[in-house]
1. Those residues that are more than 21 Å from Glu450 (Cα to Cα) and in a loop (DSSP other than H, G, I, E, B), I need them from the stretch 572-606; list them, please.
2. When the stretch 151-190 is examined, which residues are found to be open to solvent by 30 Å² or more (accessible area, probe 1.4 Å), of a type in the set (S, T, N, Q) and touching a Lys or Arg at 6+ places or on another chain (Cβ under 9 Å)?
3. Taking the stretch 313-333, which residues are within 27 Å of Gly511 (Cβ to Cβ) and either surrounded by fewer than 23 Cβ atoms within 10 Å (Cβ to Cβ) or more than 16 Å from the ligand (Cβ to nearest atom) (or both)?
4. Somewhere in the stretch 372-381, is a residue open to solvent by 10 Å² or more (accessible area, probe 1.4 Å) and aliphatic (A, V, I, L, M)?
5. Does Phe481 count as more than 16 Å from the ligand (Cβ to nearest atom) and surrounded by 24 or more Cβ atoms within 10 Å (Cβ to Cβ)?
6. Taking the stretch 281-291 only, how many residues are within 10 Å of Asn307 (Cα to Cα) and either out of contact with any Leu (no Cβ under 7 Å at 6 or more places or on another chain) or near the ligand (Cβ under 10 Å from one of its atoms) (or both)?
7. Out of everything in the stretch 122-150 that is open to solvent by 60 Å² or more (accessible area, probe 1.4 Å) and not charged (D, E, K, R), what residue ends up being nearest to Glu590 (Cα to Cα)?
Amino acid sequence: MKKTVDRAAEKMIEAAAGYSIKTVWDRHETMEPRCGFGDLGICCNICLQGPCRIDPFGPSEQKGVCGANADTIVARNFIRAIAGGAAAHSDHGRDIATALLHAARGGGGGLRVTDTDKLKAIAGELGIETNGLSTNEIAEKVALSCLEQFARAPISFMNRAPEALKKKWTKAGLWPKGIDREIVEVMHRTHAGVDVDYRNIILAGIRAALGDGWGGSMLATDLSDILFGSPSPIRSRANLGVIKEDAVNIVVHGHEPTLSEMVARASRDGELLEYAHQNGAKGINVCGLCCTAIELLMRQGYPAAGNFLSQELAIITGAVDLMCVDVQCIMPGLADVAGCFHTELITTSPKAKMPGVTHIEFEEEKAQHIAHQIVRMAIKNFPNRRKDRINIPEDTMDLVAGFTAENIFTNLGGTFRSTYRPLNDAIISGRLRGVAAVIGCNNAKVTHDEGHIAMTKRLISRDVLVVQTGCSATACAKEGFLRPESAFEMAGKGLQEICETVGIPPVLHLGSCVDNSRILRALCEMVNEGGLGDDISDLPVAGAAPEAMSEKAVSIASYTVGSGVFTVFSPPPRVEGSRNVTEFLTAGIEEVTGGKFCFERDPIRGADMMIAHMDEKRKALGLSGMMYGKEAETVEATSS
Ligand code: NFS
């Protein structure tokens, strides 16, 4: 199998081999053959009588020691993955809410409210009376109200959902009792000898996932906008070529924007820039990996060095003077790779330390001081580079990022008012087929970036507007899909017309993975705008994670299915060991939420299934055929 379709990554993989440095792909190979029981989800190690495994080819009544069958075991494993993912997103949300509270109370460290308009809008949604209150007083109330929702209902932002969806949630008992509360309940239900009914188990998982999507993730997004500013369309670049030979390179990696924002600010500090010059560098270059990169990219245009599978490769350029990590998707393998270079690796979260790696703990009240300390360390390390090991690929690509549910259609026709009318009208007229969200991780089991690129290209050639987040957005950014010009190179004619009129690329970057909540909001706005049905499940839209890796991806897919979206997920989330569970997730659940999973491994076939789903929804809405159906076919034929 080809390891990557990214040329810069390929060069670094070759360089790693030359240095005999092991990367994720080498470790992946040593793990083969994978345990088939584990891969199918039919290995149970929940209690100490196990591990038990069910033979997928054995008698259907086969059971584990306690009597649990494949359905129970698979369902329990699946929702424990949801709980892991929901916990990660939601704890991230809690950290942002805590940072907002800290800023509101004047706790120092340089943190302060940036977007007061959004603060007031959110306060209004939360039912907070703001008359006569100062910005900080409002921010305090908003932060406290959000923090409360971890323990108890209601999860305020669920009210953004269409009435029809809320009715479905009520009927199926899917309203979370609190963000944390549902995660705890998942752990309880899946303890030995509690819930055995696979449908009941899965619905509890969907409820926890909804608490993530409409709760923890959504408040992480909105409160980050309040603290650090709401994004607006911004130009930048992506890929390993953003690392500079003549500057101090600081790579921020992980997920939370708090420290990285401060590091970016520190990198512009006059004194530190002077210190960099004294050490022989032409400047201080901050770039990022994974979702921390995206938080900085969306709000300030800092470049993205790469996505999940690029993290070790960034160090192999030999020019990363310091990599500072916070939480999530940080490979333990980084420490070994950094050990082969001069790179200073720094952990910063009390939740994520690595043996033998320098730990500088992030504290809000000292945020500015810590950021300066980190930048200083990077500068000090610049002269320690091994000149013979500097090998930065030249590859970079231009991109436009910074789209949000609020700003996508703000500028159309000079109205400067957010309206989804142009989008809905384009879908109704058949210029656009629908909207697809292509999101999620990289996974060493499949060729790096290939799934994201192939699927997205197929979709836009068929007049589907694509919205993206996370590592998927970075994959397509590196390929050039996030440039407005790409509409004319590969989009269907109808989508080209929309991109030209609105002035957007055919692929819109909506942010990090917690910002998938922006996509939920955009879907609600499409329903509210009118003409495309009453519920998210009526819309000609679909979602996909073609290279899913993390438990967070499982949680995201589960809340999108729980919100009525047809969602392609690959590789499958270890459920295929139970025919009943697979059937429920890919069919039965549609009756409950209006959404369902599809476990198609081939990205092109996955795209075609999303397209077929959109066409089905268009038919149900009584919409006309596609305006430029034939031309779309031609574009695909000439571009592939
Ligand atoms: Ni999302 Fe972001 Fe990337 Fe996957 Fe990891 S970085 S939160 S989990 S790997 S997309």
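1. Across the stretch 572-606, the qualifying residues are Arg574, Val575, Glu576, Gly577, Ser578, Ile589, Gly594, Gly595.
2. Asn159
3. Across the stretch 313-333, the qualifying residues are Ile315, Thr317, Val320, Leu322, Val327, Met331, Pro332, Gly333.
4. yes
5. It is true that Phe481 is more than 16 Å from the ligand (Cβ to nearest atom) and surrounded by 24 or more Cβ atoms within 10 Å (Cβ to Cβ).
6. 3
7. Ranking the candidates gives Gly127 first.
Residue-wise test of (1) within 26 Å of Pro573 (Cα to Cα); (2) within 16 Å of the ligand (Cβ to nearest atom); (3) of a type in the set (Gly, Ala, Ser).
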site	(1), (2), (3)
Val446	yes, yes, no
Ile453	yes, yes, no
Arg462	no, no, no
Gln468	yes, yes, no
Thr474	yes, yes, no
Glu489	no, no, no
Pro505	no, no, no
Ser512	yes, yes, yes
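The values are calculated or read from the model by the stated rules, or taken from the named source; none is laboratory data. Quick caveat: nothing in here was measured; it's all calculated off a predicted structure. Cβ sites come from the backbone with ideal geometry, for glycine too, and all protein chains shown count toward neighbours. What goes into the accessible areas is simple: the full protein's heavy atoms, side chains included, and nothing from ligands, DNA or RNA. Shrake-Rupley method; radii C 1.70, N 1.55, O 1.52, S 1.80 Å.
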